[in-house]
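Worksheet: one structure, shown below.
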Amino acid sequence: MAEKVTMVIDCDPGIDDAVAIMMALGQPNINLIGVTCVTGNVEVDKVTINALRVLEKFNKLDIPVFRGASQYIVTDPKEAKHVHGTDGLGDIPNPGPMPSRDLVQSEHAVQALIRMANEKPGQITLVAIGPLTNLALAIRLDPTFTSKLKELVIMGGNIEAGGTGFWTAEFNFGTDPEAAHIVLTDTQCPTLVVPLETCISHSIDFQWFYDLASSKSPRGQFMYAITKAHVKNSKECYKRPAFMVADACAMLAAVCRSSVQESTHTVCKVELVGKYTRGQMVTNKVNTPWIPDLEGAEREVVTKLNMDTMYKLLNDAVA
């Protein structure tokens with residue numbers, strides 16, 4: 001029996017966010033008690049509706065969804081509609097009726113994060129798979145916020161200066177570097193970081209996604225519909241050998257800790273000044289152990305995951 005996990009997901013759905021949420025909902029050991037939303041892949045109002053669309057596929061609209069930050073701490077909004085579509089979920093043709101906005105909780109996501117941590121001290125695994133704006137604001141409002149979490153799992157940052165939408169920064173950190181800096185500097189609970197390069201090296205076989213087309217499962221059809229265009233672009237336009245579903249890698253680590261096969265504890269810093277490197281994550285023990293020590297708390301940076309478990313979770317998500 002897998003360990004029970006009380007989970008909150010902070011996200012910006014987004015295709016890969018949707019897949020990650022489906023992975024969590026497909027596991028009986030996951031007690032998802034809330035979804036907090038932040039502007040990112042698309043604007044926060046669309047992100048919030050997209051979270052509800054995913055929950056609806058699992059008949060889980062009783063899980064509260066909270067609208068969060070609509071702007072980054074310093075930088076202007078930067079979205080990824082060219083990847084995720086104008087609706088954030090691959091521009092599904094004829095998507096059907098949208099969930100009512102009345103289902104969105106009136107409480108702000110930042111306040112909800114603080115409240116849930118206070119209500120369940122030491123119990124919550126917080127999975128952050130979007131820009132870290134909500135978390136940073138929660139830390140600034142209540143510096144003890146993260147000390148009440150069981151753990152924090154982040155999809156973000158990089159270890160080889162790879163970029164997505166930025167020269168040398170991963171999207172979630174590059175869109176709001178100040179938020180990433182605050183979270184990596186001030187978080188007071190065990191923290192797992194799944195960086196961009198790890199997500200790339202743990203991409204999903206294209207054929208697996210193509211096989212979803214023949215699935216009679218409504219959830220399988222939904223996953224295929226939201227990923228279809230992106231899978232096609234990844235293979236034909238970007239010439240990638242497999243399909244990167246970044247947020248799924250972080251969710252894999254959060255749902256099944258034994259899936260983490262290799263990791264390094266290291267201080268992680270975020271570049272805030274560089275003209276070309278702003279948002280880049282810098283470490284002192286991953287890839288460059290010869291550089292001088294960095295001051296600060298160490299975070300666990302994941303470099304290898306069990307892909308057999310990944311495929312199991314993905315199959316469970318559409319079953």
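The values are calculated or read from the model by the stated rules, or taken from the named source; none is laboratory data. Since the structure is predicted, the reported quantities are computational estimates derived from the model, not experimental observations. We place every Cβ from the backbone using ideal geometry, glycine too, and count neighbours over all the protein chains shown. We work out accessible area using only protein heavy atoms, side chains counted, and drop any ligands, DNA or RNA first. Shrake-Rupley method; radii C 1.70, N 1.55, O 1.52, S 1.80 Å.
What to note about this one:
- As a summary of the residue check, P28 satisfies the conditions (1) within 21 Å of T146 (Cβ to Cβ); (2) in a loop (DSSP other than H, G, I, E, B); (3) over 12 Å from the mean Cα position of the chain (by Cα) except for the one numbered (1).
- Qualifying residue in segment 55-69 (condition: at pLDDT 95 or above, among the small types (G, A, S) and touching a His at 6+ places or on another chain (Cβ under 7 Å)): yes
- The set of residues in segment 157-187 that are more than 14 Å from A80 (Cβ to Cβ), touching a residue at least 60 places away in the same chain (Cβ under 8 Å) and not hydrophobic (A, V, I, L, M, F, W, C) comprises G157, N158, E160, T168, P177, E178, H181, T185, T187.
- Residue list for segment 275-317, restricted to those being buried (at least 19 other Cβ atoms within 10 Å of the Cβ), under 19 Å from the mean Cα position of the chain (by Cα) and not charged (D, E, K, R): G279, Q280, M281, V301, V302, L305, M310, L313, L314, A317
- Within segment 61-73, residues that are within 13 Å of T36 (Cβ to Cβ) and β-branched (V, I, T) reach no partner that is in a loop (DSSP other than H, G, I, E, B) and open to solvent by 70 Å² or more (accessible area, probe 1.4 Å) with beta carbons closer than 8 Å at six or more positions or on different chains.
- Selection count where residues are open to solvent by less than 10 Å² (accessible area, probe 1.4 Å), in contact (Cβ under 8 Å) with a residue 60 or more places away in the chain and more than 24 Å from T75 (Cβ to Cβ), scope segment 246-274: 6
- Residue within segment 29-41 that is closer than 18 Å to L314 by Cα, at pLDDT 95 or above and open to solvent by 30 Å² or more (accessible area, probe 1.4 Å) present: yes
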